[in-house]
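Trainee: Before we start, here is the structure in question, set down as structure tokens.
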Amino acid sequence: MYRFKIGELGEQVFWLKDGEREHLVKVLRLVKGDKVLGFDNSGAEWLGEIAKITAKSVACRILSQHYPAVEAHSLIYLVVGLTKSEKMAWIIQKGTELGMSGLVPLRARRSVMRLAGSKALERVERWQKIASEAGKQSRRVRVPLIQNVSDWQELPDKLPAFTQWIIPYEAEKVQPLSKLLPTLDFKNPIAIIIGPEGGFAQAEMAFARENLGAASVTLGPRILRVETAALVALTLVLAAGGDLE
């Protein structure tokens with residue numbers, strides 16, 4: 001059954017608007033009487049029957065409400081140093097499928113990509129659309145928020161003060177992520193900071209440790225690409241929290 005992001009929710013009806021309405025009418029060619037599923041990022045999902053189609057919206061009569069057990073038990077965020085656009089898009093798509101709660105694109109000293117102003121806003125809008133589409137495909141009821149491109153100094157305000165920060169680092173030789181996982185409190189948010197193609201500079205690592213309390217970890221003896229490191233770390237953390245069982 002087709003799923004849509006709800007534009008407006010009433011007591012007995014929900015409405016699909018803008019792109020969702022266009023997709024239902026022009027692409028899927030659904031008609032009055034067809035049944036659809038709607039979600040609104042609250043964790044709930046509604047079964048609806050198309051009651052009326054207008055030029056601006058589709059009204060669906062609510063038949064039932066459900067709370068699918070599809071979201072991760074813990075809030076796990078990715079903070080990713082700006083990398084090539086196709087890599088970031090891939091991380092967002094697959095991270096959404098796995099269960100990440102959100103992503104913060106980070107300006108890093110060694111980032112290949114440079115984004116600012118209107119270009120940054122346009123790129124974030126595109127990335128959010130990718131997250132929304134991946135959320136639909138994976139039947140999630142909460143779409144991860146892709147935040148605006150940020151600098152290091154902005155990170156403390158991007159997530160709650162009690163967030164636990166983890167930063168995989170190629171020079172880390174002592175603490176593997178596997179040993180850190182049992183010490184995490186999965187009742188509180190966790191953020192994983194992933195470096196760009198060139199890795200993090202020493203000053204950036206110092207900022208992460210001193211201002212975020214980030215724990216540096218190793219993901220093994222081999223150097224991983226940005227997109228590989230992001231999804232490996234995310235998967236291991238989600239599994240440790242019991243979200244891939």
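All of the numbers you see were taken from the coordinates with simple rules; none came from a lab. The structure presented is a predicted model; accordingly, all values stated were derived computationally and were not measured. Positions of Cβ are generated from backbone atoms using ideal geometry, with glycine treated the same way; all protein chains shown enter the neighbour counts.
Trainee: With +1 on each Lys and Arg Cβ and -1 on each Asp and Glu Cβ, and nothing else charged, work out how big the dipole of the chain is about its Cα centre, in Debye to the nearest 20.
Mentor: On the way: 33 positive and 27 negative charges, 141 e Å.
Its charge dipole is roughly 680 debye.
Trainee: Considering the dipole of segment 1-119 built from charges on the beta carbon (Lys and Arg +1, Asp and Glu -1) around the Cα centre, which of Gly7, Ala44, Gly81 is farthest to its positive end?
Mentor: With unit charges placed on the Cβ atoms, the residue in question is Gly81.
Trainee: Two-decimal Rg/Rh of segment 3-66 from alpha-carbon positions, Kirkwood Rh? Write out the running numbers ahead of the final one.
Mentor: Working: Rg = 10.3 Å, Rh = 11.2 Å.
Computed over Cα atoms, the ratio is 0.92.
Trainee: Same structure, new question: On a 0 to 90° scale, report how tilted helix 202-212 is relative to the longest principal axis of the chain, with both axes built from alpha carbons and the result rounded to the nearest 10.
Mentor: 60
Trainee: Moving on to the next point. Do any GluC sites (Glu not before Pro) in segment 1-73 lie in a DSSP loop with no more than 11 other beta carbon atoms within 10 Å, and if so, which? Don't jump to the answer; show the numbers that get you there.
Mentor: On the way: sites: Glu8, Glu11, Glu20, Glu22, Glu45, Glu49, Glu71; in loops: Glu11, Glu71.
Qualifying residues, ordered by number: Glu11.
Trainee: Sticking with this one: Where does the chain land on the Kirkwood hydrodynamic radius, alpha-carbon pairs, in angstrom? Walk me through the numbers before you get to the answer.
Mentor: Details: mean 1/r = 0.0519 Å⁻¹.
For the chain, inverting the mean 1/r across all distinct Cα pairs yields 19.3 Å.
Trainee: Take His73 and Gln202, extend 7 Å from each Cα along the Cα→Cβ direction, and tell me the distance between the two endpoints in nm.
Mentor: With each label point 7 Å from Cα toward Cβ, the separation is 4.2 nm.
Trainee: Would you work out which of Val237, Ser150, Ser57 lies farthest towards the positive end of the dipole of the chain, given +1 charges on the beta-carbon of Lys and Arg and -1 on that of Asp and Glu, about the Cα centre?
Mentor: Checked the options; the winner is Ser57.
Trainee: Counting only Cα, what are the radius of gyration and maximum Cα-Cα distance Dmax of segment 58-122, in Å?
Mentor: Cα-based Rg and Dmax for segment 58-122 come out at 16.8, 52 Å.
Trainee: I'd like the FRET efficiency for Val174 and Asp18, computed as 1/(1 + (r/R0)^6) with the beta carbon distance as r and R0 of 51 Å, rounded to 0.05. Don't skip to the end; give the middle numbers.
Mentor: Working: r = 51 Å, r/R0 = 1.00.
The pair Val174/Asp18 has a calculated efficiency of 0.50.
Trainee: Once every Cα of segment 1-116 carries one equal point scatterer and solvent is ignored, give the base-10 log of I(q)/I(0) from the Debye formula at q = 0.12, 0.20, 0.24 Å⁻¹, two decimals.
Mentor: Relative scattering, expressed as log10 I(q)/I(0), comes to -0.59, -0.99, -1.19.
Trainee: Taking 7 Å along the Cα-to-C-beta vector as the label spot, tell me the Ala55-Lys32 distance in nanometres, rounded to one decimal.
Mentor: For the pair Ala55/Lys32, the computed spacing is 1.8 nm.
Trainee: What is the spin-label model distance, in nm, from Arg225 to Leu47 if the labels are put 7 Å beyond Cα along the C-beta direction?
Mentor: 4.2
Trainee: Subtract the Cα-Cα distance of Arg109 and Asp151 from 0.36 nm times their separation in residues, and report this length gain in nm to one decimal. Walk me through the intermediate numbers first.
Mentor: Details: separation 42, 0.36 × 42 = 15.12 nm, distance 1.00 nm.
Net length gain for the segment: 14.1 nm.
Trainee: Cβ neighbours within 10 Å, averaged per peptide: list 35-42, 180-187 in order, most packed at the top. Don't jump to the answer; show the numbers that get you there.
Mentor: On the way: 35-42: 18.0, 180-187: 13.1.
Going from most to least packed, we get 35-42, 180-187.
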